[in-house]
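Down below is the structure, laid out as structure tokens.
The values are calculated or read from the model by the stated rules, or taken from the named source; none is laboratory data. Computed from a prediction, not measured in an experiment: that's the story for all the values here. Cβ: placed from backbone, ideal geometry, glycine included. Neighbour counts: every protein chain shown.
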């Protein structure tokens, strides 16, 4: 077997190191190249998602503005109806001031209504009884107005959000 001269050995060693360095450099370059492609693809995909999110946000903002406008209109209508109701109840309560008070009862005798009523008009009610009934009917009307506003808001929201899943 032939022994290599020391210079040839170093030359061979340098050539091997050069080849390894070249291969390592190529591998590193390929790695960076493919990473940049992967990053570019991720950026494109991210841009698509950002655009989708932007469009969804714009659509949501439009729907929210529509719902808010409808809610503001509904609230104003409710406030107007409640104001009319309060005025009507105040006028009705004021008209009851001319009615007689309930007579005081002596002992355990119930107070009578005076004459027998021929119908259910409430014309023979005493002032305190009629004031109580006017107040209760006002509360019932207020609840009816509030319920109507609630149904209206629900229907508006359902119509505006129709098609979303």
For this session: Filter region 103-128 down to residues that are surrounded by 10 or more Cβ atoms within 10 Å (Cβ to Cβ) and under 28 Å from residue 142 (Cα atoms) and give me whichever is modelled with the lowest pLDDT.
Result: 122
For this session: Determine if region 132-149 includes at least one residue that is in contact with a helix residue (DSSP H, G or I) (Cβ under 8 Å, 6 or more places away or on another chain), buried (at least 16 other Cβ atoms within 10 Å of the Cβ) and within 26 Å of residue 100 (Cβ to Cβ).
Result: yes
Exercise. Given the structure, is residue 59 over 30 Å from residue 161 (Cα atoms) and surrounded by 10 or more Cβ atoms within 10 Å (Cβ to Cβ)?
Worked result: no
Exercise. Does residue 147 count as at pLDDT 90 or above and within 30 Å of residue 63 (Cβ to Cβ)?
Worked result: yes
